[in-house]
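Here's the structure, in structure tokens; my notes come after.
The values are calculated or read from the model by the stated rules, or taken from the named source; none is laboratory data. Not measured: the values here are computed from a predicted model. Reconstructed Cβ throughout: ideal geometry from the backbone, glycine too, with neighbour counts over all protein chains shown. Ligands, DNA and RNA are excluded from the accessible area calculation, which covers all protein heavy atoms including side chains. Shrake-Rupley method; radii C 1.70, N 1.55, O 1.52, S 1.80 Å.
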Amino acid sequence: MMQMRELGTSGLKVTAIGLGCMGMSYGYGPAADKKEMISVIHAAIDRGVTFFDTAEIYGPFINEELVGEALAPFKDKVVLATKFGIRMVDGKQVQDSRPQCIRQSVEGSLKRLGVEAIDLYYQHRVDPKVPIEEVAGVVKDLIQEGKVKHWGLSEAGVKTIRRAHTVHPLTAVQSEYSLWWRRPEEELLPVLEELGIGFVPFSPLGKGYLTGKVSADTAFDENDTRRILPRFTAEAIQANQTLIRVLQQVSEPRNVSLAQVALAWLLARKPWIVPIPGTRNLHRLEENLGAAQVELTPEDLLAINSATSRITLTGDRYPEELERRTGL
């Protein structure tokens, strides 16, 4: 059985490792075969996973439809997380958390997911045009109406988190976090611990880089978002191999994978952290879930933190236009 964790002090309990479903339909090349992805999701269920993450913008819509179809027989046994607040306008993503748009989004997500209530509903990105108090008020109403059970924010800054939490308590905040991107340690993690809010790291394997399978010769599909990310140029991929060597020093003596060390490091940070690595591959799913059984010693953690503190990674996380959408 998978270990369970509580997201902050909310009472919402999920498996220590969840499954991010975005990449099955969006972001990493063409959408995968639906039947194959349903089999991967069912394999996750068979292995005890209860926490699944999607969003209406993934596709858009088709990832929610996939997840809803796959999890239809298990609705009472899983925790479904989805997101609102980004829509497509003239082929571009725009942030839109106006109250009428939130209500439209929730109805669409409920239908596609085939549920009466969304377990965890995130604002996908903060909308600078709509006060977060107004957004929180709408979600509070949705909770009172029984359409949402818990809510959260994605890539929000700490001031926004505090303001939102005052209107209605947040269950979780989702942001990128890994040995590849450690900025949440500066302000975010202390505030979440103070407020009793859980943390759900996305891209916990650095969009695949921390698996050690990405090289300077890797060719990304034209629909793969990594093609536009500064850290995935051939030069940056090669320069950042120092980080891979740190993981190898821990993984090789234990006969575990780099991915398992990277995820085990995250799990060891705080008991209310629940990473959601994504995959299209059954072997990778089993590998990722196996990280919950990898126990890093205090000496391991000290060695990893000491070695990585001396590394300056090459390349920004996002291009400037995308980074401006984040609150970190």
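Which label belongs to the value computed from this structure, given these candidates for Cα extents along the principal axes in Å: (i) 53, 41, 41; (ii) 61, 43, 35; (iii) 47, 46, 44?
Derived directly from the coordinates: (i).
Show which lysines lie in cross-link reach of K75 when reach means a straight Cα distance below 27 angstrom and same-chain residues fewer than eight apart are skipped.
Straight-line reach from K75, under 27 Å: K13, K34, K35, K83, K111, K140, K147, K149.
Of the peptides 99-110, 265-276, 303-314, how do they stack up when ordered by the mean number of other Cβ atoms within 10 Å, highest first?
Order by mean packing, descending: 265-276, 99-110, 303-314.
Any idea which of G152, S109, P298 is furthest toward the positive side of the dipole for the chain, if Lys and Arg beta-carbons carry +1 and Asp and Glu beta-carbons -1?
After comparing all options, I get G152.
When the accessible area of region 34-117 is split by element with a 1.4 Å probe, what percent falls to carbon and sulfur?
That share works out to 50 percent.
How high is the relative contact order of region 1-71, in percent, with contacts defined as C-alpha pairs under 8 Å that are six or more residues apart?
Normalised by residue count, the contact order of region 1-71 is 35 percent.
With every protein chain kept in place and ligands, DNA and RNA left out, what is the accessible area per residue of the chain? Probe 1.4 Å, answer in Å².
Using a 1.4 Å probe on heavy atoms only, each residue of the chain averages 44 Å².
For helix 34-46, report the angle its Cα long axis makes with the longest principal axis of the Cα atoms of the chain; keep it between 0 and 90° and round to the nearest 10°.
For 34-46 against the chain, the angle is about 80 degrees.
So what is the relative contact order of region 97-209, in percent, for Cα pairs below 8 Å that sit 6 or more residues apart?
22 percent
Roughly how many percent of the accessible protein surface of region 212-266 is carbon and sulfur, given a 1.4 Å probe and a whole-percent answer?
42 percent
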